[in-house]
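A short reminder: the numbers here are calculations on the coordinates, not readings from a lab. A quick note: this is a predicted structure, and the numbers were derived from the prediction, not measured. Cβ sites come from the backbone with ideal geometry, for glycine too, and all protein chains shown count toward neighbours.
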Amino acid sequence: MKTGPTGPCYWRVENLKQFEFKGKLGSIGNAFQYRANTSPIHRLGAGWKLLLCGLLAALAIAAREPWALATLVGANLVFYFSARLRLSDFWRDIRIFLFQMVIITGLYVIKYGAEEGLWPGIRTGSQIFLMFLPGTVFLRTTKGSQIMRSLKRIMSERLSFILFTSFRFIPFFAREFHEIAMAQRLRGANIAPRRLWNPVHWKDLFNCLMIPLMVRALKTAKEAALSAEARGFGERN
């Protein structure tokens, strides 16, 4: 049987069964997805968690020295694993940030050289990582109903709905990102992590992953807006 071309726009038929098996098995899991537990972090109020996450993110912006960044890494690890989350959860949540750290550091080294660009690149990538890591704990440990109740106490219903929707779409788009990446890799796109070290393959990353993800995001946003409008959200009596 002919399998057709093996470029990024075509399926590799011999790998289709493997893809379907992995999808049914659910062995990959989802990043940023809520995980039920009875940890102290889970029992903490959503408002207090938001405050703590905001404080850790602000400290990440202010940290400039290696000792400060190392201290913040330790604090974030304590915060994360105090929620009794697994190492597999941690890897799913941070791998995209590790990838962006490598890219940022590489760009600094290319522009300024290894001697002057290495530390600024590591510092900038680490700060971005540490800004977002507390938010992953918030999403992992807070139910949607708790987020909505806490937001409505401090802002208007319209604004709280928008912010709540943004929070809840993060796990959704993380799952979409993974599924699109898996499908495109089976079609032959060079977007495997070991291949993205080569800038030649970055074109595939944009064409085969980022563009489909943006299209999916626009479609989902439109569907959410139509759903909210159909339910009368935003109407004034």
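If a paramagnetic tag sat 7 Å from the Cα of Ala70 along the Cα-Cβ line, which residues of the range 86-123 would have the backbone N under 20 Å from that point?
Within reach of a label on Ala70: 118-123.
If I model a spin label at Thr124 and Ser145 as a point 7 Å from the Cα along the Cα→Cβ vector, what separation in nanometres do I get?
4.5 nm
Over the range 28-142, what relative contact order in percent results from Cα pairs under 8 Å that are six or more residues apart? Walk me through the numbers on the way to the answer.
Working: 120 pairs, mean separation 51.0, N = 115.
Here the relative contact order equals 44 percent.
Just name one of Gly54, Ile41, Ala68: the one whose Cα is farthest towards the positive end of the charge dipole of the range 28-142 (beta-carbon charges, Lys/Arg +1, Asp/Glu -1).
Checked the options; the winner is Ile41.
Whole-Å semi-axes of the range 97-147's equivalent ellipsoid, largest first, each the root of 5 times a Cα gyration tensor eigenvalue?
Value: 32, 8, 6 Å, ordered largest first.
Show me, bin by bin at 10 Å from 0, the whole-percent P(r) of the range 28-142 based on Cα pairs.
14, 42, 30, 11, 2
For the range 54-209, just say rounded, prolate or oblate: build the C-alpha gyration tensor, square-root its eigenvalues into a ≥ b ≥ c, call rounded for a/c under 1.5, and beyond that prolate if a/b exceeds b/c, oblate if not.
Values: a/c = 2.01, a/b = 1.24, b/c = 1.62.
It is oblate, given that a/c is not under 1.5 and a/b is not larger than b/c.
Multiply the residue separation of Arg195 and Val78 by 0.36 nm, subtract the distance between their alpha-carbon atoms, and state the gained length in nm to one decimal. Working shown, then result.
On the way: separation 117, 0.36 × 117 = 42.12 nm, distance 3.31 nm.
38.8 nm is the gain from fully extending Arg195 to Val78.
³J(HN,Hα) across the range 89-104 via Karplus (A = 6.51, B = -1.76, C = 1.60, θ = phi - 60°), whole Hz, x for Gly/Pro?
Once θ is set to phi - 60°, the couplings for the range 89-104 become 4, 4, 5, 4, 6, 9, 5, 5, 6, 5, 5, 5, 5, 5, 5, 4 Hz.
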